[in-house]
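Read-outs throughout are calculated quantities, based only on the coordinates presented, and are distinct from any laboratory measurement. Quantities reported herein were computed from a predicted structural model and do not represent experimental measurements. Glycine also receives a Cβ, built like all others from the backbone with ideal geometry; neighbour counts cover every protein chain displayed.
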Amino acid sequence: MDSLVTNWGFRGSWVLKMIVVGRSAVGKTSLMHEVVVGRLPAITTLNYEFVVFNYEIPREDLVEQDSKYASLKLPEKVKLKYQIWDTAGQERFRNLVKSYYRGTSVAFIVYAINDRDSFEDVEYWVNDLEKYTFWHKIVLIGNKIDLEDLRVVSYDEGKELADEYGFDFFETSVLKDIGTAELMPNISHPILKSLLDNYI
């Protein structure tokens, strides 16, 4: 079993620690609040914020998609519980953010499509993450696509960079509710299947 995942006696539930990083004002906190609680936050994150997100899939859906899981004694619903650490992007907090990397198995690197500097910062975050832990999955997210008229980072640039690193890639808009509802299911399902494959 993946050493980065806490297993509750294989009752079909895992706890995953996730960290969200990126330059200040790219919309990390708004994105996480939209994904988790479906509303915008009232304040900017200073230091860090901690939230919980639960993802579950019915056993019958898993088996229907792949019959190999029929041999596992799974509960009616198989669950992932994410502990999401939303970090501050201000320069003065960057050394402190590193203290939250340990034990993390999923990372979101967020940039804003209207902020070239935030996109160029992606390399910094990748190098920083790789120094401190081993990752189960890293996701690159181009946020604020509602600002299309102000776009300075194309979709192709973001996708090409993600492909270069071997990351998943998504573009999102919290204000227009684009890509936010699909984000966690799209990353969670393959993670869940990879965990279950350890028991087959």
**Study point:** Pairs beyond 29 Å (Cα-Cα), from LYS77/LYS176; LYS81/LYS131; LYS79/LYS137; LYS17/LYS131
**Key:** LYS77/LYS176
Exercise for review: Per residue of the range 153-166, in order, report the coupling 6.51 cos²θ - 1.76 cosθ + 1.60 (Karplus, θ = phi - 60°) as ³J(HN,Hα) in whole Hz, putting x for Gly and Pro.
Suggested key: 10, 6, 4, 4, 5, x, 5, 4, 5, 4, 5, 4, 8, x
Study note, to complete from the structure: Per-residue Cβ contact counts at 10 Å, fewest first, order ARG102, ARG59, ARG116, ARG23 as ARG102, ARG116, ARG59, ARG23
Practice item. Indicate the gyration tensor shape class of the range 102-200 (rounded, prolate or oblate), computed on the Cα atoms with a ≥ b ≥ c the square roots of the eigenvalues: a/c under 1.5 is rounded; otherwise a/b larger than b/c is prolate and the rest oblate. Key: oblate
